[in-house]
């Protein structure tokens with residue numbers, strides 16, 4: 001991508017910091033907008049403030065919209081706050097991006113918006129999740145992210161704004177939100193297991209955003225799942241729901257030895273698999289971190305995380321309600 005002036009919303013957050021770091025290292029001029037001040041924030045303010053957004057877009061050619069209220073905010077923020085930030089804030093950004101003649105808009109979405117489609121009925125094969133799966137949101141987070149995606153598509157159709165929507169799998173380092181999972185597995189054990197079907201390293205997340213920003217004018221509009229490349233095939237889904245350990249051992253003969261040394265446990269079953277084939281084919285994205293690389297680093301007594309993941313670390317979430 002040629003050197004550009006890029007607006008990154010949510011720049012004080014986990015992904016936002018990573019994006020600003022990498023874009024600046026590559027020589028781009030970055031305007032970072034967030035309600036929190038940080039070393040990566042250029043302007044302190046809300047995406048729901050049209051005047052601030054308009055100012056931030058001055059001279060900008062590309063937008064990466066990563067600011068959002070996340071699923072963990074459900075316990076601390078009202079549903080109207082989710083609507084104000086995730087829907088109204090996104091609409092303001094889209095409208096002002098059109099007015100500013102922005103050439104590329106990248107919307108950071110989430111695989112969480114698939115919601116109930118991720119949980120197959122008892123006894124059914126694991127869900128095979130591609131972009132063709134219809135979202136069935138299970139909470140206000142999923143509802144507002146799905147609505148924001150629809151606003152992106154509507155704005156593209158009405159105003160020809162090039163938009164790429166990236167539906168991100170889990171990439172943050174915080175403990176799992178399932179109490180039973182936390183009680184059974186250590187955090188790093190959980191992370192390693194998830195690379196089989198529902199996790200992506202932040203280094204690969206950033207590269208997907210870079211490609212989306214560069215190729216949005218050509219792509220025009222698209223939605224992509226951004227997750228580590230799974231080793232599974234669609235015909236594996238029945239076995240995954242019955243005996244995932246057997247299949248993993250067959251695909252990775254060294255897994256049991258590595259896990260035994262660390263005192264780790266493999267998942268007995270897996271209920272869904274995120275498929276990144278469309279992003280790899282259409283976007284030209286090549287993720288470099290998967291379950292194989294995790295095992296190899298563990299065997300070499302190395303931290304399984306990427307350099308960027310270690311640098312950013314764990315930032316948590318904005319816990320106070322946004323105004």
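Residues in the stretch 243-262: is at least one at pLDDT 95 or above and under 21 Å from the mean Cα position of the chain (by Cα)? The answer is no; no qualifying residue exists. Counting only helices (runs of 4 or more DSSP H) wholly contained in the stretch 229-323, the ones carrying 1 or more residues that are under 20 Å from residue 117 (Cα atoms) and free of Cβ contacts under 8 Å to residues at least 12 places away in the same chain occupy 237-251.
Here residue 283 meets each of (1) touching a helix residue (DSSP H, G or I) at 6+ places or on another chain (Cβ under 6 Å); (2) within 18 Å of residue 127 (Cβ to Cβ) with one exception, condition (2).
Of all residues in the stretch 54-71, none are more than 20 Å from residue 112 (Cβ to Cβ), without any contact (Cβ under 8 Å) to a residue 12 or more places away in the chain and more than 21 Å from the chain's Cα centre (by Cα).
The criterion of being modelled with pLDDT of 95 or more and either within 21 Å of the chain's Cα centre (by Cα) or closer than 19 Å to residue 163 by Cα (or both) does not hold for residue 85. So which residues in the stretch 5-29 are more than 14 Å from residue 209 (Cα to Cα) and either more than 23 Å from the chain's Cα centre (by Cα) or part of a strand (DSSP E or B) (or both)? Scanning the stretch 5-29 gives 5, 27, 29. One residue stands out among those in the stretch 164-194 that are part of a strand (DSSP E or B) and in contact (Cβ under 8 Å) with a residue 60 or more places away in the chain: the one that is nearest to residue 292 (Cα to Cα), which is 168.
Looking only at residues in the stretch 13-35 that are at pLDDT 95 or above, within 20 Å of residue 173 (Cβ to Cβ) and in contact with a strand residue (DSSP E or B) (Cβ under 8 Å, 6 or more places away or on another chain), which one is surrounded by the fewest Cβ atoms within 10 Å (Cβ to Cβ)? Result: 15. Restricting the search to the stretch 36-54, which residues are closer than 17 Å to residue 172 by Cβ and crowded, with 19+ Cβ neighbours inside 10 Å? Matches in the stretch 36-54: 40 only. Report yes if some residue within the stretch 207-225 is within 22 Å of the chain's Cα centre (by Cα), surrounded by fewer than 20 Cβ atoms within 10 Å (Cβ to Cβ), at pLDDT 95 or above and farther than 30 Å from residue 160 by Cβ; otherwise report no. Within the stretch 207-225, none of the residues are within 22 Å of the chain's Cα centre (by Cα), surrounded by fewer than 20 Cβ atoms within 10 Å (Cβ to Cβ), at pLDDT 95 or above and farther than 30 Å from residue 160 by Cβ. Checked against the criteria, residue 136 counts as surrounded by fewer than 21 Cβ atoms within 10 Å (Cβ to Cβ) and either more than 22 Å from residue 219 (Cβ to Cβ) or touching a strand residue (DSSP E or B) at 6+ places or on another chain (Cβ under 9 Å) (or both). Against the condition at pLDDT 95 or above, closer than 30 Å to residue 238 by Cα, surrounded by 19 or more Cβ atoms within 10 Å (Cβ to Cβ) and over 18 Å from the mean Cα position of the chain (by Cα), how does residue 97 come out, does it pass? In short, no.
The values are calculated or read from the model by the stated rules, or taken from the named source; none is laboratory data. Predicted model, so just to flag it, every value in this text is computed and none were measured. Cβ coordinates were reconstructed from backbone atoms using ideal geometry, including for glycine residues, and neighbour counts include every protein chain displayed.
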